[in-house]
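First the structure, in the form of structure tokens, and then the observations on it.
The values are calculated or read from the model by the stated rules, or taken from the named source; none is laboratory data. What you see is a predicted model; the values in this text were computed from it and never measured. FYI the Cβ positions are ideal-geometry reconstructions off the backbone, even for glycines, and counts take in every protein chain you see.
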Amino acid sequence: MDKRITISDVREMKAQGEKIAMLTAYDYATAKLVDEAGLPIILVGDSLGMVMLGYPDTLHVSLDDMLRHTAAVARGVKHALLVGDMPFMTYQLNAEEAMRNAARFLTEANAQAVKLEGGSPQIVETVARMTAAGIPVMGHLGLTPQSVNQLGGYKVQGRSHNAAQRMLDEALALEQAGAFALVLETVPSPLAALISRKLTIPTIGIGAGVGCDGQVQVIHDVIGLTVDYVPRHARQYAQVGSLIAAAARDYLADVRSGAFPTEAQSFKMDDSVLEGLE
Ligand code: KIV
């Protein structure tokens, strides 16, 4: 697993019918474990705001937050393609500012690509300019959490005929603009499957069914470390939260009882050294 995964490898995985698994990571240690497990894509999602920083939503995440955590993850990743999520209002104002901010993910934080939300003509134009300038972009349609206030909540997207047609049109426009992959979040499975068949680039679903070319999950949901709310689309593969709580309780009990530390965790010295000390 020496070779670094590239956006061409990701496209080739779709061509070969190989399912793509992506997980988020936000820190060096977790990134190293996820990378060594063989995940081809690691996303430093702006879900960071909720699961790591305790914000109520992704709108409060800053560019500095994302760059610091992306750089930490990059130090732990040797194999996976590393994608950094552009936070709210760092790419919506104009294409120049978007490109300047996106470039920082590549040059300062050592990501290989960025992800941004939406498929409006302005976003599509920004994606075209970024990819033309050599910045690989992953798109994100469906439930785009940075627009939660505009969407009126965290709701399934694309349920009406018009909304489904709009999502398909935006997906095709993002592909045309040069996006190398597309996240589809909380989209009915039949629509996500249709979009996946129509696109040549891979779709990576979250709450979008098995018809997508790949899946993405927030690592906290997968390992059972989510403290507030576990979304319906997540499956827990471990109960790390319970392990942490049990370890903390055992440690507390051992410190209180004097069972920790023992000689094994302590350091000796010659008693004579202390003679005469007051
Ligand atoms: O922020 C994030 O973690 C994401 C994924 C859920 C796709 O955008």
If Y229 satisfies all but one of (1) part of a helix (DSSP H, G or I); (2) within 23 Å of the chain's Cα centre (by Cα), what's the number of the condition it fails?
(1)
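Residue-by-condition table, conditions (1) away from the ligand (no atom under 14 Å from the Cβ); (2) closer than 17 Å to L184 by Cβ:
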residue: I195; (1), (2): yes, yes
residue: T203; (1), (2): no, yes
residue: G209; (1), (2): yes, yes
residue: Q217; (1), (2): no, yes
residue: V222; (1), (2): no, no
residue: V227; (1), (2): yes, no
residue: P231; (1), (2): no, yes
residue: A238; (1), (2): yes, no
Test: residue in segment 54-64 that is within 14 Å of the chain's Cα centre (by Cα) and either assigned to a loop (DSSP other than H, G, I, E, B) or assigned by TED's automatic domain parsing to the domain that holds V137 (or both)
yes
Breaking point among (1) outside any helix (DSSP H, G or I); (2) within 23 Å of L143 (Cβ to Cβ), for H69
(1)
In segment 173-193, the residues that are part of a helix (DSSP H, G or I), away from the ligand (no atom under 16 Å from the Cβ), of a type outside the set (G, A, S) and surrounded by 17 or more Cβ atoms within 10 Å (Cβ to Cβ)
E175, L191
Within segment 62-80, of all residues that are among the charged types (D, E, K, R) and farther than 18 Å from T6 by Cβ, the one surrounded by the fewest Cβ atoms within 10 Å (Cβ to Cβ) is D64
For segment 145-172, which residues satisfy the criterion of being exposed (fewer than 10 other Cβ atoms within 10 Å of the Cβ) and either closer than 23 Å to L199 by Cα or acidic (D, E) (or both)?
S160, H161, N162
Among the residues of segment 21-32, the number that are outside any loop (DSSP other than H, G, I, E, B) and either hydroxyl-bearing (S, T, Y) or more than 11 Å from I42 (Cα to Cα) (or both) is 4
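Yes/no matrix, rows are residues, columns are (1) at pLDDT 95 or above; (2) outside the structural domain of I123 (by TED's automatic domain parsing):
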| residue | (1), (2) |
| --- | --- |
| L174 | yes, no |
| A179 | yes, no |
| P188 | yes, no |
| L199 | yes, no |
| D221 | yes, no |
| V227 | no, no |
| A247 | yes, yes |
From the list R232, R256, R249, which one is surrounded by fewer than 20 Cβ atoms within 10 Å (Cβ to Cβ) and under 27 Å from G158 (Cα atoms)?
R232
